[in-house]
Amino acid sequence: MKGEKKSLLQDLIENSGGCVVTDGGFATQLEKHGAFINDPLWSAICLIKQPHLIKKVHMEYLEAGADILVTSSYQATIPGFLSKGLSIEEGESLLQRSVKLAVEARDSFWSSAKRNPGNKYRRALVAASIGSYGAYLADGSEYRGLYGPDVSLVKLKDFHRRRLQVLVEAGPDLLAFETIPNKLEAQACVELLEEINVQIPSWICFTSVDGENAPSGESFQYCLEVINKSNKVEAVGINCAPPHFMESLIPKFKQLTNKAIVVYPNSGEVWDGIAKKWLPSKCFHDDDFGFYATRWRELGAKIIGGCCRTTPSTIQIISNALRENI
């Protein structure tokens with residue numbers, strides 16, 4: 001609307017030539033630094049045991065050129081922390097820590113970078129990650145999208161509500177709802193944003209296993225109906241899907257929404273949620289990401305990064321490619 005103040009996210013995109021870089025995979029990088037994350041809490045286990053490693057990974061992505069840092073709270077839920085024997089207060093404190101670590105990394109990096117007038121960096125934004133209900137279940141159901149008849153809209157809102165409130169209160173710049181597998185959960189997220197009256201921008205990312213629809217089998221046209229009506233959600237897109245799906249999904253989303261389009265695919269390897277391991281598949285190498293990132297931008301993506309099994313090296317290549325071709 002005319003005269004309406006731009007959000008931090010809109011400003012960042014505009015000041016970056018129309019496309020910004022979000023970060024990449026977290027768990028792979030934590031493991032590289034010696035973290036043991038074979039746990040239902042996944043990389044969020046490091047919030048309890050090795051928070052310094054989380055900050056280290058954030059710094060590596062900033063150095064690689066990420067304009068947006070996504071917090072380590074994807075699989076961090078209060079029920080998940082309770083199952084570890086922690087109290088509600090301790091669980092909430094760990095959610096706050098996920099934002100604090102990212103903000104501290106960003107502030108520290110930026111105070112150093114801005115002293116160098118020739119630096120190529122922009123002041124990054126911190127996006128608080130909110131994983132789907134399926135991510136909490138840790139059984140791969142975010143890639144199937146079928147939560148069963150007992151999981152209602154009310155149950156999904158109850159599941160997300162307190163975590164959403166705690167993360168917002170911790171002071172991120174925006175919210176990132178990730179690997180949403182169906183319309184019901186997208187609706188739960190949108191309704192909560194309205195009910196809590198969240199004042200920072202959000203993006204909602206679905207995943208896809210067939211390159212055409214949400215994991216539930218529902219069309220993206222159907223899934224986006226509720227999102228398109230919300231002014232609390234500024235961007236929509238796809239994360240944690242194979243990179244070769246982006247070529248067809250970006251134009252599809254462009255037809256279905258006026259919101260900014262965000263894509264951060266995985267490396268192309270496929271996660272087996274039952275066996276809890278990555279299966280080799282049609283992988284992109286880092287150099288492929290550089291070529292395709294410019295293509296995805298041409299197709300209409302405004303926020304581009306990586307998800308599982310991508311690294312700071314991937315993000316460096318994406319960042320360089322997008323900056324070279326502004």
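R0 = 35 Å: FRET efficiency of E14 with Q221, Cβ-based, nearest 0.05?
Efficiency at R0 = 35 Å is approximately 0.80.
Could you order Y74, Y292 by accessible surface area, starting with the largest, using a probe radius of 1.4 Å?
Output order, biggest surface exposure first: Y292, Y74.
Over region 121-171, consider all pairs of different Cα atoms and compute the Kirkwood hydrodynamic radius from their mean reciprocal separation; express it in Å, one decimal.
This gives a value of 12.8 Å.
Label point 7 Å out from E195 along Cα-to-Cβ: which residues of region 138-157 have amide N under 12 Å?
153-157
Grab the beta carbon distance between E90 and N231, set R0 = 35 Å, and tell me the FRET efficiency rounded to 0.05.
Once rounded, the FRET efficiency stands at 0.50.
Among A170, Q187, A214, which residue has its Cα positioned farthest towards the positive end of the charge dipole of the chain, with +1 placed on the Cβ of Lys and Arg, -1 on the Cβ of Asp and Glu, and the dipole taken about the Cα centre?
A170
If I stretch the segment between K5 and N116 completely, what's the gain in nm (0.36 nm per residue apart, minus their alpha carbon distance), one decimal?
Difference between extended and current length: 37.0 nm.
Report, in cubic angstrom per residue, the convex hull volume of the C-alpha atoms of region 140-245.
101
From the convex hull of the Cα coordinates of the chain, what is the mean projected area in square nanometres?
Averaged projected area of the chain's Cα convex hull equals 15.7 nm².
Looking at this model, which pairs from K56/K155; K6/K32; K155/K277; K32/K100; K229/K277; K157/K232 are more than 27 angstrom apart at the alpha-carbon?
Too far apart for the 27 Å limit: K56/K155; K6/K32; K155/K277; K229/K277.
If you count the DSSP beta bridges with both ends in region 20-324, what percent of them are antiparallel, to the nearest 5?
10
Which FRET efficiency value, to the nearest 0.05, do you get for D39 and D287 by plugging their Cβ-Cβ distance into 1/(1 + (r/R0)^6) with R0 = 41 Å?
So the FRET efficiency works out to roughly 0.80.
Compute the relative contact order of the chain as a whole-number percentage, counting only Cα pairs closer than 8 Å that sit 6 or more residues apart in sequence.
After rounding, I find 20 percent.
Once you place label points 7 Å from the Cα toward the Cβ at Q255 and L146, how far apart are they in nm?
Each label point lies 7 Å from its Cα, and together they span 2.8 nm.
Given a 1.4 Å probe and every protein chain left where it sits, what share in percent of the accessible area of the chain is carbon and sulfur?
Answer for the chain: carbon and sulfur cover 50 percent of the accessible area.
Before anything else, pin down the relative contact order of region 99-166: Cα pairs under 8 Å, at least 6 apart, normalised by residue count, whole percent.
Relative contact order, region 99-166: 23 percent.
If you keep only loop residues by DSSP, which trypsin sites (Lys or Arg not before Pro) in region 1-69 have at most 16 other Cβ atoms within 10 Å of their Cβ?
K2, K5, K6
The values are calculated or read from the model by the stated rules, or taken from the named source; none is laboratory data. As the structure is a prediction and not an experimental result, all values here were calculated from the model. All Cβ positions, glycine included, derive from the backbone under ideal geometry; neighbour counts span all protein chains shown. Side chains included, ligands, DNA and RNA excluded: accessible areas come from the protein's heavy atoms. Shrake-Rupley method; radii C 1.70, N 1.55, O 1.52, S 1.80 Å.
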